[in-house]
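Colleague: My questions all concern the structure below.
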Amino acid sequence: MELKYILESLLFSAQKPLSPAELREVFANAAEQEDADATVKSLKKIKEGELNTALEQLAQDHEAAGRSYRVVCVAGSWQFVTQPEFAPWLKALVGVKARPTRLSQPSLETLAIIAYRQPLTRAEIEQIRGVNVDGVMQTLMERGLVEATGRAEVVGRPSLYGTTTLFLEYFGLKGLEDLPAADELRKIVVVKPPSSPVTADADLATSPPEQLQMPEGGEQKSEAGAPAA
Amino acid sequence: MSEYKVKFEVFEGPLDLLLYLIKEEEVDIYEVNLTKLATQFIEYIEMMREFDLEIAGEFLVMASTLMYIKSRELLPVDQRAETEEDEEGADPRWELIRQLVEYKKFKDVAAQLQVLEERQEGIFPRVPGKLEFENTAPVPKPDVSIFDLLNAVNNVLKRFEKRDGTRDIFEDKWTVSEKIEYIIRILSSHEAIRFSELFEDAMSRSEVVCTFLALLELIRLKQLICAQSEDFGEIEIRKRPTSVVVPVAPETPHLTPGTSS
């Protein structure tokens with residue numbers, strides 16, 4: 001009996017998504033039963049690595065089979081889910097999911113910053129976004145997507161924030177490493193381009209005359225220079 | 001006045017506005033002309049003021065940063081305050097661009113999260129049926145007599161006896177039929193409710209009486225059962241287990257506190 005099919009049967013019948021740790025427990029308990037045969041016993045102390053490999057394999061099998069459902073890992077736990085293109089019928093079947101309203105643009109931006117840079121303080125978030133985030137943070141905390149994870153060892157010991165398990169579930173992510181472009185955004189290193197930023201024409205020691213004029217004149221000039229606004 | 005054909009968007013903050021202006025120019029962030037950008041930024045703030053929009057302090061801070069960058073450019077290179085750069089350790093222009101690039105990346109990734117959010121709305125998990133029968137706790141025996149109920153309601157009414165002295169007189173806002181619907185509504189979302197909970201929100205003696213009459217009526221119509229899990233325990237009200245489909249509004253005449261007792 002292949003391990004992946006044993007796992008498939010477990011996930012198929014499970015009442016909730018199962019993590020590799022929980023699956024290991026199932027294998028251990030199965031081997032404890034009186035009528036456990038050699039196969040069951042041999043899997044008693046299966047390693048998490050083996051489980052993960054088998055689970056990945058199972059997921060790939062389902063992907064290749066192209067059926068209407070998949071085996072996926074969300075927030076570290078495995079489960080069967082349907083493919084999004086079948087949503088119209090499923091919505092009619094089970095009713096629209098009791099899902100909170102979609103997140104606003106400021107919420108998404110703030111959430112993205114926290115997700116990639118956690119743990120970080122409110123001030124650090126504000127520095128990146130350039131605006132106050134009090135209201136947005138309140139919303140994110142209330143929705144349980146973000147939580148205080150500790151305190152920064154700096155003056156005032158401000159709270160540090162991070163994302164929750166619910167965050168991963170909400171976006172259907174396996175883990176934080178599953179975030180889009182995770183490696184790149186975790187620590188953004190902005191490489192200074194060879195030329196310095198353009199402020200004025202390079203060959204002028206001072207700026208062009210238009211900038212020396214009074215604001216009104218300057219406005220008109222720059223407007224003329226700008227592409228159709 | 002100058003004519004703007006720009007669709008006026010609400011910007012999250014100064015960085016958002018700057019990115020928008022850069023996008024309008026169709027240039028790379030690294031190649032943007034900050035002097036021009038400063039002018040456009042100020043124009044925008046002017047426009048916001050004309051529209052009587054509240055201008056957040058962050059916009060003004062950014063405006064002053066831009067003006068600083070612009071004014072600095074007016075000086076010949078050898079006359080610029082070098083100390084400033086040494087202290088801050090960074091060229092203000094470069095600092096601004098770095099901030100813009102960083103913000104842009106997060107803005108882009110926020111858009112990707114939004115796609116994931118929408119996608120996730122269409123994904124349904126498999127919810128298998130229960131594998132075994134849940135060992136349901138034995139339903140307490142329905143052995144509450146009318147006297148137990150009366151005792152219980154008397155206890156509730158004691159709450160209102162204590163008030164004396166001046167009294168306000170209100171019109172009776174409650175009807176028994178209203179309260180019947182109230183109880184049915186509660187029990188459609190809860191398995192069972194404790195007797196005292198039913199009266200928790202009651203404001204006056206007459207409201208308690210109404211609720212109590214509604215309760216008796218529902219018991220008479222065999223829609224509810226009252227049960228006590230132990231002697232002198234709290235009385236529990238639950239729906240009759242083998243619930244026949246019940247019309248929500250029983251065809252009893254419109255009840256007032258006087259008629260059904």
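Here, each number is a calculation from the coordinates, and none is a lab measurement. Just so it is clear, the model here is predicted, and its values are computed rather than measured. All Cβ positions, even for glycine, are placed from backbone atoms using ideal geometry, and neighbour counts span all protein chains on display.
Colleague: If the limit is 22 Å between Cα atoms, which of A:Lys16/B:Lys107; A:Lys4/A:Lys47; B:Lys23/B:Lys70; A:Lys4/A:Lys44; A:Lys45/A:Lys174 go over it?
Modeller: Numbers: A:Lys16/B:Lys107 34 Å; A:Lys4/A:Lys47 14 Å; B:Lys23/B:Lys70 20 Å; A:Lys4/A:Lys44 15 Å; A:Lys45/A:Lys174 25 Å.
The answer is A:Lys16/B:Lys107; A:Lys45/A:Lys174.
Colleague: So for the pair B:Val127, B:Lys158, with labels modelled 7 Å out along Cα→Cβ, what separation do we get in nm?
Modeller: About 4.3 nm, to one decimal.
Colleague: While we're here: For B:Val61 and A:Ser104, FRET efficiency with R0 = 35 Å and r from the beta-carbon atoms, rounded to 0.05?
Modeller: Values: r = 23 Å, r/R0 = 0.67.
That gives a FRET efficiency of 0.90.
Colleague: So, one more: Sort largest first and round to whole Å: the equivalent ellipsoid semi-axes of the stretch A:105-186, each the square root of five times a Cα gyration tensor eigenvalue. Don't skip to the end; give the middle numbers.
Modeller: Working: eigenvalues 76, 38, 34 Å².
One finds semi-axes of 19, 14, 13 Å for the stretch A:105-186.
Colleague: Taking only the alpha-carbon atoms of the stretch A:16-129, what semi-axes of the equivalent ellipsoid follow from 5 times the gyration tensor eigenvalues under a square root, in whole Å, largest first? Display every interim value, and only then the final one.
Modeller: Numbers: eigenvalues 274, 109, 36 Å².
Ellipsoid semi-axes (Å, largest first): 37, 23, 13.
Colleague: Other chains' Cβ within 10 Å of A:71-78 residues: what's the mean? Please report the intermediate quantities before stating the final value.
Modeller: Working: counts 1, 2, 0, 3, 0, 0, 0, 0.
What the average comes to for A:71-78 is 1.
Colleague: Taking the Cα centre of the stretch A:3-94 as the origin and placing charges on Cβ (Lys, Arg +1; Asp, Glu -1), which of A:Leu90, A:Gly76, A:Asn52 is farthest toward the positive end of the dipole?
Modeller: Comparing the listed Cα positions along the dipole, A:Leu90 ranks first.
Colleague: Computed FRET efficiency, Cβ-Cβ of B:Glu31 and A:Lys47, R0 56 Å: what is it to the nearest 0.05? Walk me through the intermediate numbers first.
Modeller: Working: r = 54 Å, r/R0 = 0.96.
According to the calculation, E is roughly 0.55.
Colleague: First measure r as the distance between the Cβ atoms of B:Ala192 and A:Gln33, then evaluate 1/(1 + (r/R0)^6) with R0 = 45 Å and state the FRET efficiency to the nearest 0.05.
Modeller: So the FRET efficiency works out to roughly 0.75.
Colleague: With an 8 Å cut-off on Cα pairs and a minimum separation of 6 or more residues, tell me the relative contact order of the stretch A:105-186 in percent.
Modeller: 31
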